[in-house]
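Contents: one structure, followed by commentary.
The values are calculated or read from the model by the stated rules, or taken from the named source; none is laboratory data. These numbers were taken from a predicted model, which means no experiment stands behind them. Cβ atoms come from the backbone with ideal geometry, glycine included; neighbour counts cover every protein chain shown.
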Amino acid sequence: MTPILYQEFNKEIFENQLPTNLEIEWSKTLYKTAGRTKMKCNKENIKSIKIELSCKVLDNLDKLKNTLIHEMCHVAVFLIDDVKEEKHGNHFKYWGRKAESCYSDIKVTTYHSYEIDYKYKYQCQNCGHIYGRHSKSIDVNKARCQCSGELILMKRLKKDGTPYKIAT
């Protein structure tokens, strides 16, 4: 699905000016970041680019489309505009507006506000703050909330709100 979307967006938004063989990698180590673009330029001005997308954050098609286009805007700034140090400046915003004019369901923002579906959630018994984790990484016997309250591991729920069955 991702290569198909990349080719479509490259054609419709970027007029096939981005590489057809751009490396796109799905990362298991991006826990909160939806995606990132790694760009390098060596002494001979040869550019290498890779887009990384998060397996943990991008759990539906809308998130994938918005994030992929966001990262492709970074690639366009680097390759087409030949600007190396811009994060979310005028060149990036230009490509973002162009993407939004091509696709009414796309909104290019500088940071995502996706709700992340964490496998494990811990709640403070004092203030109620919830901490999400993709693994069972908080030791509730040692860790404390910022307010110094104790944390408890919450019951795991499916996306529809029903609890997982406990293995017996």
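Remark: pairs (first residue in region 103-129, at positive phi and outside the structural domain of Ser54 (by TED's automatic domain parsing); second residue surrounded by 11 or more Cβ atoms within 10 Å (Cβ to Cβ) and assigned to a loop (DSSP other than H, G, I, E, B); Cβ separation under 8 Å; 6+ apart in sequence or on different chains) are absent. For region 31-59, how many residues are surrounded by 18 or more Cβ atoms within 10 Å (Cβ to Cβ) and in a loop (DSSP other than H, G, I, E, B)? The qualifying residues number 4. Within the option set Ile130, Ile152, being at pLDDT below 95 and within 21 Å of Tyr31 (Cβ to Cβ) holds for one residue only, Ile130.
Can you tell me which residues in region 88-144 are polar (S, T, N, Q) and either assigned to a loop (DSSP other than H, G, I, E, B) or in contact with a strand residue (DSSP E or B) (Cβ under 6 Å, 6 or more places away or on another chain) (or both)?
First, the residues of region 88-144 that are polar (S, T, N, Q): 90, 101, 104, 109-110, 113, 123, 125-126, 135, 137, 141.
Correct list: Ser104, Thr109, Thr110, Ser113, Gln123, Gln125, Asn126, Ser135, Ser137, Asn141.
Yes/no per residue for (1) surrounded by fewer than 18 Cβ atoms within 10 Å (Cβ to Cβ); (2) closer than 22 Å to Thr20 by Cα:
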site	(1), (2)
Asn66	no, yes
Phe78	no, yes
His88	yes, no
His91	no, yes
Tyr103	yes, yes
Tyr120	yes, no
Gln123	yes, no
Arg144	yes, no
Ile152	yes, no
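Taking first residues from region 13-29 that are free of Cβ contacts under 8 Å to residues at least 40 places away in the same chain and surrounded by 11 or more Cβ atoms within 10 Å (Cβ to Cβ) and partners that are hydrophobic (A, V, I, L, M, F, W, C) and in a loop (DSSP other than H, G, I, E, B), the Cβ contacts under 9 Å between residues at least 6 apart in sequence or on separate chains come to Trp26/Cys55; Trp26/Leu58; Ser27/Cys55. How many of the residues in region 8-60 are more than 24 Å from Val83 (Cβ to Cβ) and among the polar types (S, T, N, Q)? Final tally of qualifying residues: 4.
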